[in-house]
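Chemist: Structure provided below as structure tokens; questions to follow.
The values are calculated or read from the model by the stated rules, or taken from the named source; none is laboratory data. The structure displayed is predicted, hence computed values, not measured ones. Here the Cβ positions follow ideal geometry from the backbone for every residue, glycine too, while neighbour counts run over all protein chains shown.
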Ligand SMILES: NC(=O)c1ccc[n+]([C@@H]2O[C@H](COP(=O)([O-])OP(=O)(O)OC[C@H]3O[C@@H](n4cnc5c(N)ncnc54)[C@H](O)[C@@H]3O)[C@@H](O)[C@H]2O)c1
């Protein structure tokens with residue numbers, strides 16, 4: 001049975017991935033420091049079989065070394081990062097230090113471990129945000145890095161560290177640039193959960209600037225399938241964009257979510273859309289070409305935006321305990337407005 005180590009497995013994508021992989025009978029190990037965005041372990045009770053949790057900060061290198069040599073993983077999925085752009089505007093140093101040093105420590109330890117297991121596969125998770133904003137182009141894996149936010153800069157920097165460990169030490173390393181994900185377990189400070197929860201709580205829905213900014217949206221369960229296909233394939237030592245090709249304006253998505261809440265779920269609300277001061281350095285548009293990945297691993301996202309949003313809303317309505325727990329950690333206040 002393959003042993004899979006996920007760093008940051010208590011975050012949004014990690015939690016979905018753990019549910020997905022444990023069902024497929026992989027042995028899954030999660031190292032997470034548990035921050036306010038993390039899903040606490042009590043919500044993973046259903047998956048105690050083949051799942052092992054280590055509450056640990058990757059910044060502690062010696063502890064990390066002990067854990068990795070104890071686990072002896074075959075596949076490493078490096079998801080751990082501070083990931084909210086708005087918070088990175090408020091706390092740039094924390095983001096830069098955490099996101100670069102946590103990956104650096106992991107790669108240093110894996111360099112030692114690689115001597116004992118030459119078959120390991122390492123996947124480092126990056127974002128389409130490292131390419132920066134563009135008005136009409138579509139970025140490929142060859143596009144230059146031009147990050148706007150401290151978050152994107154920290155992710156781009158950790159990609160460069162990942163690449164250097166491949167070039168210098170031959171550490172097998174694949175880098176994924178993933179587009180905006182949405183779905184269950186996403187912390188309520190992020191765009192889509194915020195729209196849903198504000199609507200449910202009769203609170204106004206803040207839209208930055210004129211609402212015309214464009215993002216490429218991918219349903220998290222499609223991402224989980226893509227990741228599994230990727231580590232089962234023979235891809236190695238390359239960079240891949242993973243997106244849906246489906247791009248929507250923020251205001252379009254907001255109105256669509258409200259329409260689904262009203263019409264499908266029959267929920268009324270006093271909530272209104274409220275245009276607020278724009279995010280500083282707000283990228284206008286993200287767009288990536290993912291053909292290299294589609295062709296290489298024979299994967300394409302399946303979910304349409306409407307059915308993905310319906311499933312997401314349904315999950316937030318059904319998981320009231322999780323939502324109550326999240327609300328204790330975030331009061332809805334604007335972050336990153338400078
Ligand atoms: N969610 C998206 O839309 C998206 C898109 C592209 C790329 N990504 C990348 O995918 C990864 C996962 O994203 P997510 O949305 O699940 O993020 P998230 O913020 O929901 O979760 C990240 C998890 O990493 C943990 N973590 C952070 N620093 C750590 C450290 N030093 N030691 C141990 N644990 C640590 C946190 O506690 C948290 O549980 C991130 O690297 C992110 O940059 C996410």
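Chemist: Is it true that residue 206 is assigned to a loop (DSSP other than H, G, I, E, B), in contact with a helix residue (DSSP H, G or I) (Cβ under 9 Å, 6 or more places away or on another chain) and over 30 Å from residue 118 (Cβ atoms)?
Modeler: Judged against the criteria, residue 206 is not a match.
Chemist: Confirm whether residue 198 is farther than 16 Å from residue 78 by Cα, in a loop (DSSP other than H, G, I, E, B), out of contact with any helix residue (DSSP H, G or I) (no Cβ under 9 Å at 6 or more places or on another chain) and away from the ligand (no atom under 14 Å from the Cβ).
Modeler: Taking the combined requirement at face value, the residue does not satisfy it.
Chemist: Out of segment 3-28, which residues are touching a strand residue (DSSP E or B) at 6+ places or on another chain (Cβ under 6 Å) and more than 13 Å from the ligand (Cβ to nearest atom)?
Modeler: Result: 3, 4, 21, 22, 26, 27, 28.
Chemist: Residue by residue through segment 305-333, note down the ones that are outside any helix (DSSP H, G or I) and in contact (Cβ under 8 Å) with a residue 12 or more places away in the chain.
Modeler: Residues satisfying the conditions are 319, 330, 332.
Chemist: Next question, about the same structure. How many residues, within segment 43-82, are out of contact with any helix residue (DSSP H, G or I) (no Cβ under 7 Å at 6 or more places or on another chain) and either within 9 Å of the ligand (Cβ to nearest atom) or modelled with pLDDT of 95 or more (or both)?
Modeler: Residues meeting the conditions: 13.
Chemist: From the list 145, 182, 151, exactly one residue is touching a residue at least 24 places away in the same chain (Cβ under 8 Å) and either farther than 30 Å from residue 256 by Cα or in contact with a strand residue (DSSP E or B) (Cβ under 7 Å, 6 or more places away or on another chain) (or both). Which is it?
Modeler: None of the other options fit; the residue is 182.
Chemist: Okay, moving on. Being on the phi > 0 side of the Ramachandran plot and within 16 Å of the ligand (Cβ to nearest atom): is that true of residue 245 here?
Modeler: yes
Chemist: Let me ask something additional. Scan 214, 120 and give me the residue that is in contact (Cβ under 8 Å) with a residue 40 or more places away in the chain, within 15 Å of the ligand (Cβ to nearest atom) and surrounded by fewer than 23 Cβ atoms within 10 Å (Cβ to Cβ).
Modeler: Unique residue meeting the criteria: 214.
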